[in-house]
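Here the structure comes first, spelled out in structure tokens, and everything after it is commentary.
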């Protein structure tokens, strides 16, 4: 067996060189911080070969890093283990495998699991667990209680994935809610938005989540306005796991879904003003004023006029500057235009209202 | 335990719906057939979680299908099993897992393995195996003999990956060659081209290969001229595994590497004429003739003049039509221009010479 | 002045080398011929600096050539000449300037003009003119009559561009129609589709047009499914101007607008079958059959099931192959699936119905 | 003629709405300011239909604005007027036409002209002219003197465009230089780099220029690292024409050419440090330290190690963050790595040397 050992030691460097694409690069997501908080880009729902995913856990770190994420939670199904004939069940292994690689890449990584029961009651993610094993228990509420005893944060995943009928709020959910065992809901999961989850979060003060729930490899090289993972933005006091946990408990999140931002006005409004830079007017010809506005973010800005002044719509694709022309009398120093941001959603079917103040030339 | 069973049966359809992206589409590679043969796009070297790869075997089928491949061989390392603490070694499992999915997608799939020894003697792929287990044996030549007793096709991988010094042709290789146990070499592996392998293949009549050797997920949605997997083109009598095997034994291959085609002139010349459509001249002004040429393939065509007539260079990016202007007397019916195709390589540093005959207007 | 002459002769070759990008290439549009006819890609409406456009006429040839068009008509406004202070009006100059360059590039080029009156009656293109000058006359009907006396083909442009109210069919249009002076309408102009024009064309047997009406440089390097000029497809007996004229008179056109094809079922149905290649089923597992279909065109195919068999929708992006799965009993040789092509429009709000026959394995 | 007037007034709004794509957006170029100076993106060489270009002058404003430029000079040939049969020569018209549109878009626009003589002496741009007409004079040196009497800035264009032999420095150039009538040279023109111009600029203290010399429409929607206009970066005290002029006189420029920056070390070094953000190491495992570096610019950064510490090469594509791993003993607070930036050129074949200081964790 001696020769074999020698072979293996050489192979180690083969494997460092080839499969770990060391030169791989990261593209930051342009979603600025807001006053008082860091805007962290997070995905709290994903799978690996240790449940029904098809990638080794480290792939989840590499994908998230190159796409500009700050925080991930690996959340394999506890009860559903279709590969267990080849990979014997070990609920804590995925986290153990990703933890080191995450540190090397300065990615924050959370131990999680998906409690996967019949629908209803449905699927729930428990994140910030210390040990997944105790959750592998038959009784559903016992499992949820176990998670909470570990101070885990528990949220309801894609509640209506089998239809609104199967996603109703039942007594079991009330029990969880009343015991303070349920802390959030996925308003968006993958390519689906659940308006009913959105409404419940606002009504019951639950934290809003948007997650990928990826099982396949994520093929995206970077996050672009046109093609990105569904993400949860967490407004945290600093870039640490403790700060993420505090922000989730305080409900300071928003969801980046398709070309929309979904969240409470308290956070979307400062985020909007951090994204849009309104420049002073640079030219006037008679009563016509010309100014420019720059969208510093990776989310398009689609504005619809609410007042009487300014163009009817202003459309600023991510990362671009637009020329805006409007009329204003010569004797005023600035004007304030009233718009709504049609792709910033503060409640189902409700856009964020904003005011744009422009200094005149 | 009864409730658990019910949960699982529901989950099966969850998993069919979500992770298996059924609507996923395939982009054919534009590399036309040549007279007498189908041009099959093949990758004979790739890894999964069953050795040091990071994807479940089915991912290799999905990637190959969407990228327009016809044939793949899954070739996990026999001796190098870094995940075996989590996934106990089973050499035949990767093939068993991919076989069904490959049939659904009409992809031809070959059982293979990588014999992974110290360098020298190096790494060798054995493909068209019936059973990988007997190859897991200590003695290297015994292992190669085992493969050949199964009628496997054996080729030497990335022979100089540790430098030309460590990739020398040694007695052990002569033994394999003399026993007819070695049938080909990788001229290209991933992003590396080995001119010495190219020379040896021509000199010793070995079959030329170009393979990906992927360990990571392949992020490419499709094969493009600018970004594609290193592939082996096999000129086969039909699209079956038997025909692939026959073609490999007969040495009818070429390699698509970066923006180059590498192969014997016997196959590159007809392939060139299948790729380039030369139209009759459409306009004449005095002695100046105008004609167009269309590159019907996914490989750029870069031509350099060898004779005295025609433009000094003709550059036809993949899939485009170029306007070509040259002078010709009024009283001839056609002209023949002499060029070399600088990105079609028939030996190290040797381009394919071609003749273009153009009917004059 | 002698030195100046020498300077100029040298400059000629400077200008041949630099601004005329000789190596510029053409990307053919993938829209196949139909039985009996060539499918020509045409744009019959565009402007240059000789009216209110901002490019020299040759630019229109270069753009059309690289984008894969076969036929263009340059149609500067007769009555609207905003640059005439710098460029004195000469209605026939744009055609004279483009004609030679079009021949070099094998592009068919038509002499046209836009009759540009108040709306109503609106703007009308006259194409296949021999001399534009006589159309520069005050009386509108006299102008239209002049065009017809030259055997020009006359169509109504963007009839409702100032709103449906200003685009009504009036007595003046009836006069034109009754005199057979009006032969077609723009169903699509630039990024606008006019359902009322679509309905009138079907009702009054007018030829359907879709044109760009470009004034700016067209920045597109090639025509892609996502980003292309609005075009008229002409189903012509051959690729000549005479054949185009015959096809227009016979109403054999369709419009490529956004990701839609708009036209009569007589031509869209054979075009659909020329675009979609349905392969025989390649695999069966119990009652489940797997087959693939290839969209050979540059227009996406979005199919919605009309019958009871087959997937509810089939979505085949341009140039891709899709995997289709359906159930069929073991004892039949083929099945015929009924679908509608939701982005092939045979009348306002009416999709093309199609039948797909699949040989079973 | 009264009805005609009414038609025209309506057409004016047609033309405002359609051909002037008002919603067109601008993409800023990411090339940061350096201490004490704004980094302005400038193109001082371009043509219109008023000489041998093929676009109306306003097109030059639209292109420059959307591509993120700050300053343009329209520089039509004085002596070469191939369109004059259609557009009678008026040397000051191009500037008059662009000036208003430039103001609306906050683009700085300079009146210029290209003095276009035989080669030798060659072509020279005069910018910051007040009146182009006096330069239309037969004697070359008289023309250059005229330009200088207007306080114009004069630079030699693409001096070796007809070969180094025809681009020699002759007595006439010495006369210009000694009279202080020649202030700069194009080191890059379009897709050509002239090392001899580069050397002369350094030797004779001439200002370095890189310009597009566009005649055709510029099809680029935005400036990308892979595809952008050749530009002159001007390090100006503020964003005004006066400041541009002062900076040109002081030689504070660099050239963005392909994926290279070319300029004096005095400006490239601070620009490099403004582009590259080096983060403190975030993780240590034994002696291995992990840190990240972010390239905040639109120019790739290709670093090659000069010292003994750090990876041999660091490749940071535009806008990305890279992970860098190196060894360092545990008891030091920071390390300084020595590299050269292979695509920042401070003289022909000479890269910029840089030091990277990294705080250790």
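For region D:302-314, the count of residues that are under 24 Å from residue D:68 (Cβ atoms) and modelled with pLDDT of 95 or more is nonzero. Name, by its number, the condition in (1) touching a residue at least 40 places away in the same chain (Cβ under 8 Å); (2) away from chain D (no Cβ under 11 Å); (3) outside any loop (DSSP other than H, G, I, E, B); (4) out of contact with any strand residue (DSSP E or B) (no Cβ under 9 Å at 6 or more places or on another chain) that does not hold for residue C:142. Answer for residue C:142: the failing condition is (1).
The set of residues in region D:167-185 being under 24 Å from residue D:132 (Cα atoms) and surrounded by 18 or more Cβ atoms within 10 Å (Cβ to Cβ) consists of D:173, D:176, D:181, D:182, D:183, D:184, D:185. Does region A:183-190 include one or more residues that are closer than 30 Å to residue D:286 by Cα, touching a helix residue (DSSP H, G or I) at 6+ places or on another chain (Cβ under 8 Å) and modelled with pLDDT of 95 or more? Within region A:183-190 (the criterion being closer than 30 Å to residue D:286 by Cα, touching a helix residue (DSSP H, G or I) at 6+ places or on another chain (Cβ under 8 Å) and modelled with pLDDT of 95 or more), the answer is no, since none of the residues qualifies. Here residue C:55 passes the criteria (1) crowded, with 22+ Cβ neighbours inside 10 Å; (2) farther than 30 Å from residue C:261 by Cβ; (3) within 8 Å of another protein chain (Cβ to nearest Cβ) except the one numbered (2). Out of all the residues in region D:112-126, is one or more touching a residue at least 60 places away in the same chain (Cβ under 8 Å), under 30 Å from residue A:324 (Cα atoms) and surrounded by 24 or more Cβ atoms within 10 Å (Cβ to Cβ)? Checked against the condition, which is being touching a residue at least 60 places away in the same chain (Cβ under 8 Å), under 30 Å from residue A:324 (Cα atoms) and surrounded by 24 or more Cβ atoms within 10 Å (Cβ to Cβ), region D:112-126 yields at least one hit. Annotation note: of B:73, B:64, B:99, the sole residue that is within 20 Å of residue B:214 (Cβ to Cβ), out of contact with any helix residue (DSSP H, G or I) (no Cβ under 7 Å at 6 or more places or on another chain), surrounded by fewer than 18 Cβ atoms within 10 Å (Cβ to Cβ) and modelled with pLDDT of 95 or more is B:99. Within the bounds of region C:239-249, is there any residue that is in contact with a strand residue (DSSP E or B) (Cβ under 6 Å, 6 or more places away or on another chain) and surrounded by fewer than 18 Cβ atoms within 10 Å (Cβ to Cβ)? Yes: one or more hits. Residue selection: residue C:227 fails the criterion of being under 16 Å from the mean Cα position of the chain (by Cα), part of a loop (DSSP other than H, G, I, E, B), farther than 14 Å from residue C:298 by Cβ and within 14 Å of chain D (Cβ to nearest Cβ). Just one of A:202, A:208 is at pLDDT 95 or above, more than 14 Å from chain B (Cβ to nearest Cβ) and in a helix (DSSP H, G or I); which is it? Of the residues listed, the single one that is at pLDDT 95 or above, more than 14 Å from chain B (Cβ to nearest Cβ) and in a helix (DSSP H, G or I) is A:202.
Would you call residue B:182 touching a strand residue (DSSP E or B) at 6+ places or on another chain (Cβ under 6 Å) and assigned to a loop (DSSP other than H, G, I, E, B)? Considered against the rule, which asks whether it is touching a strand residue (DSSP E or B) at 6+ places or on another chain (Cβ under 6 Å) and assigned to a loop (DSSP other than H, G, I, E, B), residue B:182 comes out as yes.
For (1) surrounded by fewer than 20 Cβ atoms within 10 Å (Cβ to Cβ); (2) outside the structural domain of residue A:31 (by TED's automatic domain parsing); (3) touching a strand residue (DSSP E or B) at 6+ places or on another chain (Cβ under 7 Å), each residue gets a yes or a no:
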| position | (1), (2), (3) |
| --- | --- |
| A:187 | no, no, yes |
| A:194 | no, no, yes |
| A:201 | no, no, yes |
| A:204 | yes, no, no |
| A:208 | no, no, yes |
| A:213 | no, no, yes |
| A:216 | no, no, no |
| A:225 | yes, no, no |
| A:230 | no, no, yes |
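Could you tell me whether region A:297-320 includes any residue that is closer than 16 Å to residue A:259 by Cβ and either touching a helix residue (DSSP H, G or I) at 6+ places or on another chain (Cβ under 6 Å) or in the same structural domain as residue A:39 (by TED's automatic domain parsing) (or both)? The answer is yes; a qualifying residue exists. With respect to being assigned by TED's automatic domain parsing to the domain that holds residue B:40, surrounded by fewer than 20 Cβ atoms within 10 Å (Cβ to Cβ), part of a loop (DSSP other than H, G, I, E, B) and more than 25 Å from the chain's Cα centre (by Cα), residue B:164 falls outside the description. Against the list (1) within 14 Å of another protein chain (Cβ to nearest Cβ); (2) over 23 Å from residue D:62 (Cα atoms), the condition residue D:195 fails is (1).
When C:102, C:113 are checked against the criterion of being within 30 Å of residue B:279 (Cα to Cα) and either assigned to a helix (DSSP H, G or I) or touching a strand residue (DSSP E or B) at 6+ places or on another chain (Cβ under 9 Å) (or both), a single residue qualifies: C:102.
Using the structure shown, decide if residue B:133 is more than 23 Å from residue B:254 (Cα to Cα) and either assigned by TED's automatic domain parsing to the domain that holds residue B:99 or out of contact with any helix residue (DSSP H, G or I) (no Cβ under 9 Å at 6 or more places or on another chain) (or both). Yes; evaluated as a whole, the condition is true for this residue.
Given (1) at the interface with another protein chain (Cβ under 9 Å from one of its Cβ atoms); (2) in contact (Cβ under 8 Å) with a residue 24 or more places away in the chain, where does residue D:88 come up short, assuming only one miss? The failed condition is (2).
The values are calculated or read from the model by the stated rules, or taken from the named source; none is laboratory data. Every value quoted in this text rests on a predicted model; they were computed, and no experiment measured them. Note: ideal-geometry Cβ built from the backbone for every residue, glycine included; neighbour counts use all protein chains shown.
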